[in-house]
Structure formats: C-alpha cells, structure tokens
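Below you'll find the structure, written out as structure tokens, and then a few comments.
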Amino acid sequence: MYTAHIPPGYYGTRDVARALGTSPGGVRNLVYRGRLKRAGGTERHPWYRAADVAALAAARNAA
C-alpha cells in the first residue's frame, strides 16, 4: 500500500471522499468538473487543500 507524507492542512483522495461522503471516483469527478482543485502531490496521489474541501462540504450541506 502506498503511504505518502501529506503536509498539514492537506487531504489525500480517501480523506476527501470520507469528508464528502463519496467515493474516490466521486472525488476525481469533482476535479474533472472543476469543483475541486488539486493542490500538490503526484498525478496518482494528489493532495487537496483542507479549506477547499471544507468549503465544498459546506456548499453541499447548504443545498
């Protein structure tokens, strides 16, 4: 299993999926649609800003 050092303030794909209540494929779809932006990492193991994930979660809960 791949374990990467994700810096503080960032989430991996699995963490984002758990926070949003979706699957890793759903996270990739959010990136494809431009709703979420990658903030670092590699092509296969990207990182996402915690603030961006929190904003997306809040927008989804408000709707």
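The figures follow:
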quantity: Gaussian network model of the chain, Cα within-10 Å springs - most flexible of THR42, THR22, THR13; calculated: THR42
quantity: Cα-centre dipole for the chain with unit charges at Cβ (Lys and Arg positive, Asp and Glu negative), debye to 20; calculated: 160 debye
quantity: Protein accessible area in the chain, 1.4 Å probe - carbon and sulfur %; calculated: 51 percent
quantity: Alpha-carbon centroids, segment 13-34 and segment 35-63: separation in whole Å; calculated: 8 Å
quantity: Computed [θ] at 222 nm, helices only, for the chain once each DSSP H run of length n ≥ 4 contributes -39500 (n - 2.57); calculated: -14000 deg cm²/dmol
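The values are calculated or read from the model by the stated rules, or taken from the named source; none is laboratory data. Note that this is a predicted model, so its numbers are computed, not measured. We place every Cβ from the backbone using ideal geometry, glycine too, and count neighbours over all the protein chains shown. What goes into the accessible areas is simple: the full protein's heavy atoms, side chains included, and nothing from ligands, DNA or RNA. Shrake-Rupley method; radii C 1.70, N 1.55, O 1.52, S 1.80 Å.
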